[in-house]
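Undergrad: Sharing a structure with you now.
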Amino acid sequence: MRHVISITDFTATEIFEEILPGCRAQIAIAKKRQAGKKTWRQQRDRKATLLFLEPSIRTRGSYGEAARLLGWSCTEIIGAEATSLAKKESLANTARMLAGQGAGVLVIRTKIEGMQKFVAEILEKEGYSISVQNGGDGTNQHPTQTFLDLLTISEKLGRLADFKIGFFGDLKYGRTVHSLICALALCQNISLTLASDPETTLPNNYKKLFDQAVEGDSLESLFDCDIIYGSRLQEERFLGDQIALERASNRFRLTADTLGQFKNSVLIMHPMPFVKEFAVEIRHDPRLIVDQQAWFGMPTRMYLLQTGYDNRQEITALSAEIQSNDLQILKSVPLEEYLREREGRKNQHQFFRPITDNGMVIDHIPQGLGLIIRKYLVEQKLIGSGVKHLIEDVPSKNYEIKDVLVLSGSLISDEAMGAISSLAPQITFNLIQDGGFKKIKIQTPGIIRGLGKCPNSNCITNHDPEAGVKFVNQGNGYLNCWYCEKEFSLKEIF
Ligand code: NCD
């Protein structure tokens, strides 16, 4: 493990057989060192840099304490106003600077979603020896919190399988909830219950990780859970949507009364800060294990700092160039031969007619996608002034109905063809060029680069000029942004 960016980057084996045992092994060391029982070897040449552009007490504090318990040096930079970001320096250049100043591990907290992934990508590609760790990116992920949450569950419940867990409060914007649900989806026999207001329900991309998540709108639906996990209303994430904020009632509040209705053995967790979620009278109830949960942040981050540092030169998937497109030539003949062959066929569609000079016919486009592709080609100025003729709803042999796009006088690059193919792999390209005819199909790795725009205004691709757009095609009309991980339909992106 080098970087810690998103729980979705880890396999079950890595989380449960490497990382958690590693974190657990730090518990005794952290306890001893905190109790001042022993001095330990200082490693001041190892530096953690904490760049916290959003408020934090637990994550930043426990990383700082973890660094102290390891004998490292630690630089804390708190608030964008304390940095040259306030002078409009880019995030990329800020990160390069901190790496150059010797950070072995760079922990970032920000509201910009996908920033840590982008920073890890550029620093790794530029040869910096550094581990980048995500201390929370907007509403997206908070993976280090998840490791400490899992450690808490395994220490307090004694297992990481076979339990009922209920989440309550703001499940839409709570990033700790998102990360933890991604990890729980890798555990055996977990049942999930969700209690939130309609304005703060769990986004679909997380919900669909559990086939049978039960959804309710009150604490009652959680009464038979072994664990309940709260999330405060994330007011700062509503981005001025005052109406939604007022509607999100924030009425989830555990009192002595409600607690009496839960299982006696229930474990109540919360990443903190909590605001209204717990009545003062239950603050010291032994079922509320939030203080121990927060303490586990220190051994967890001791492990993450050390392991990230030890592997700070590892080559990860982030620096691997994306697999290139595989271009298959299905046919290549002189144009005359091709035209003769077509003459012989009956019931020809007319769309090849206008092309006798250089041009291209993009065929087998799934119905409805033709418009999106044409819009993209025009907007990206990938085609010149040639005729762009879209024929929609053409009956087809293989697909019931297809769209066909004719570019007369224009050819597009292999890259653009790859991008189009990654939207729908069945698309074929008929090229007429210099007296020859070629039929091409392209197999892509399903990654679309440089096309469209991420609709998420908090995505790094909308905040750093060096962060180009990149999407992962799910193949069902939906794409995920490579950086902010949010899911969008084709129409939203193009
Ligand atoms: C959370 C966060 O920042 O996402 N806190 C934490 O790191 N322990 C939760 C929150 O702010 O509600």
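The values are calculated or read from the model by the stated rules, or taken from the named source; none is laboratory data. Quick caveat: nothing in here was measured; it's all calculated off a predicted structure. Cβ atoms come from the backbone with ideal geometry, glycine included; neighbour counts cover every protein chain shown. These area figures cover heavy atoms from the full protein model, side chains too; ligands, DNA and RNA do not enter into them. Shrake-Rupley method; radii C 1.70, N 1.55, O 1.52, S 1.80 Å.
Undergrad: What does the charge count near residue 142 come to, summing +1 for each Lys or Arg and -1 for each Asp or Glu among other residues with Cβ under 10 Å from its Cβ?
TA: 0
Undergrad: Sorted from largest down, give the three principal axis spans of the alpha carbons of the range 105-144, whole angstrom values.
TA: Principal-axis extents of the range 105-144 (Cα, largest first): 29, 15, 12 Å.
Undergrad: Further question on the same structure: Can you list which of the trypsin sites (Lys or Arg not before Pro) found in the range 54-147 are DSSP loop residues with at most 10 other C-beta atoms within 10 Å?
TA: Values: sites: 58, 60, 68, 87, 88, 96, 109, 111, 117, 125; in loops: 88, 111.
Those satisfying the criteria are 88.
Undergrad: Please go through the range 1-106 and write out the GluC sites (Glu not before Pro) that DSSP classes as loop and that have at most 14 other C-beta atoms within 10 Å.
TA: Listed in order of number, the matching sites are 89.
Undergrad: Can you list residues from other chains, or at least 5 along the same chain, whose modelled amide H is less than 5 Å from the amide H of residue 459?
TA: For residue 459, the qualifying residues are 113.
Undergrad: Suppose we look only past 19 Å in the calculated P(r) of the range 52-162. What percent of the Cα-Cα pairs does that tail hold?
TA: Numbers: 3068 of 6105 pairs.
Taking all Cα-Cα pairs of the range 52-162, the fraction more than 19 Å apart is 50 percent.
Undergrad: Treating the angle as unsigned and between 0 and 90°, give the value, to the nearest 10°, between the Cα long axis of helix 297-310 and the longest Cα principal axis of the chain.
TA: The angle comes out near 50 degrees.
Undergrad: Applying the Karplus parametrisation 6.51 cos²θ - 1.76 cosθ + 1.60 with θ = phi - 60° to the phi angles of the range 51-56, what ³J(HN,Hα) value in whole Hz is obtained for each residue in order, glycine and proline being reported as x?
TA: 9, 10, 9, 10, x, 6
Undergrad: For the range 199-258, give the percent of accessible area contributed by carbon and sulfur heavy atoms, probe 1.4 Å, rounded to a whole number.
TA: On the way: 1450 of 3270 Å².
Roughly 44 percent of what the probe reaches on the range 199-258 is carbon or sulfur.
Undergrad: Pulled fully out, how much extra length does the chain show between residue 156 and residue 320, if you take 0.36 nm times their separation in residues and subtract their Cα-Cα distance? Numbers along the way, then the final one.
TA: Values: separation 164, 0.36 × 164 = 59.04 nm, distance 3.97 nm.
This chain segment gains 55.1 nm when fully extended.
Undergrad: Same structure, new question: Is the shape of the range 179-272 best called rounded, prolate or oblate, per the rule: a/c under 1.5 gives rounded, else a/b larger than b/c gives prolate, else oblate, with a ≥ b ≥ c the square roots of the Cα gyration tensor eigenvalues? If you can, show how the numbers build up before the last one.
TA: Numbers: a/c = 1.95, a/b = 1.19, b/c = 1.64.
The shape class here is oblate.
Undergrad: Quick check: at a probe of 1.4 Å, how many percent of the accessible area of the range 86-128 sits on carbon and sulfur atoms? Please report the intermediate quantities before stating the final value.
TA: Details: 770 of 1560 Å².
Accessible surface attributable to carbon and sulfur in the range 86-128 totals 49 percent.
Undergrad: Counting other Cβ atoms within 10 Å of each Cβ, which GluC sites (Glu not before Pro) in the range 388-478 have at most 15 and sit in a DSSP loop?
TA: Working: sites: 392, 400, 415, 466; in loops: 400, 466.
Qualifying residues, ordered by number: 400, 466.
Undergrad: Taking the Cα centre of each part, how many Å lie between the range 91-165 and the range 19-77?
TA: 15
Undergrad: Just to confirm the number: angle between the C-alpha axis of helix 20-34 and the first principal axis of the chain, 0 to 90 degrees, nearest 10?
TA: Compared with the principal axis, the helix lies near 30 degrees.
Undergrad: Give, in nm to one decimal, the length gained when the segment between residue 357 and residue 32 is fully stretched (0.36 nm per residue of separation minus the Cα-Cα distance).
TA: On the way: separation 325, 0.36 × 325 = 117.00 nm, distance 7.94 nm.
Full extension from residue 357 to residue 32 adds 109.1 nm.
Undergrad: Stretch residue 453-residue 291 to full length: gain in nm at 0.36 nm per residue minus the Cα-Cα span?
TA: Working: separation 162, 0.36 × 162 = 58.32 nm, distance 4.20 nm.
Between residue 453 and residue 291, full extension yields 54.1 nm more.
Undergrad: Quick one: accessible area per residue over the chain, 1.4 Å probe, rounded to a whole number of Å²? Each step should come with its number before you reach the end.
TA: On the way: 22220 Å² over 494 residues.
Counting only protein heavy atoms, the per-residue value for the chain is 45 Å².
Undergrad: Could you state the angle between the C-alpha long axis of helix 369-379 and the longest principal axis of the C-alpha atoms of the chain, as a value from 0 to 90 degrees rounded to the nearest 10?
TA: 90
Undergrad: Quick one: what are the phi-derived ³J(HN,Hα) couplings along the range 213-230, Karplus 6.51/-1.76/1.60 with θ = phi - 60°, whole Hz, x for glycine and proline?
TA: Couplings: 5, 9, 10, x, 10, 8, 5, 3, 5, 9, 4, 9, 7, 7, 9, 10, 10, x Hz.
Undergrad: Per-residue HN-Hα couplings for the range 70-87, Karplus 6.51 cos²θ - 1.76 cosθ + 1.60 at θ = phi - 60°, whole Hz, x for Gly and Pro?
TA: Those phi angles translate into 8, x, 8, 8, 9, 10, 10, 10, 10, x, 4, 5, 8, 10, 6, 4, 5, 9 Hz.
Undergrad: Please report, as a whole percent, how much of the solvent-accessible surface of the range 377-494 comes from carbon and sulfur atoms (probe radius 1.4 Å). Provide the component values of the computation, followed by the final result.
TA: On the way: 2560 of 5420 Å².
Result for the range 377-494: 47 percent of the exposed heavy-atom area is carbon or sulfur.
Undergrad: Let me ask something additional. State the antiparallel share, in %, of DSSP beta bridges confined to the chain, rounding to the nearest 5.
TA: On the way: 42 of 79 bridges.
Here the share of antiparallel DSSP bridges comes out near 55 percent.
Undergrad: Please find the FRET efficiency linking residue 73 to residue 281, where r is the Cβ-Cβ separation and R0 is fixed at 30 Å, and quote it to the nearest 0.05.
TA: Details: r = 43 Å, r/R0 = 1.44.
Plugging the Cβ-Cβ distance into 1/(1 + (r/R0)^6) gives 0.10.
Undergrad: At a Förster distance of 30 Å, what's the computed FRET efficiency of residue 18 paired with residue 39, Cβ-Cβ distance as r, to 0.05? Kindly include the intermediate steps, with their values, before the conclusion.
TA: Numbers: r = 29 Å, r/R0 = 0.97.
The computed FRET efficiency comes out at 0.55.
Undergrad: For the chain, report the % of Cα-Cα distances exceeding 38 Å.
TA: Counting every Cα pair in the chain, those more than 38 Å apart make up 38 percent.
Undergrad: Another one. If amide H atoms are built 1.01 Å from N in the plane of the peptide, which residues on other chains or at least 5 residues away come under 5 Å of the amide H of residue 436?
TA: Result for residue 436 returns 335.
Undergrad: Compute the distance from the alpha-carbon center of the range 270-287 to that of the range 403-443, in whole Å.
TA: 60
Undergrad: Could you please report the charge total around residue 206, scoring K, R as +1 and D, E as -1 over all other residues with beta-carbon less than 14 angstrom from its beta-carbon?
TA: Values: positive: 172, 175, 207, 208, 486; negative: 170, 211, 215, 485, 487.
In short, 0.
Undergrad: Now for a different question. Could you tell me the calculated FRET efficiency between residue 255 and residue 474, based on Cβ-Cβ distance and R0 = 41 angstrom, to the nearest 0.05?
TA: On the way: r = 43 Å, r/R0 = 1.04.
Taking R0 as 41 Å, the efficiency between residue 255 and residue 474 is 0.45.
Undergrad: Still on this model: May I ask you to give the average projected area over all directions of the convex hull of the Cα atoms of the range 161-233, in nm² rounded to one decimal? Mind dumping the intermediate values first?
TA: Values: hull surface 16.7 nm².
That works out to 4.2 nm².
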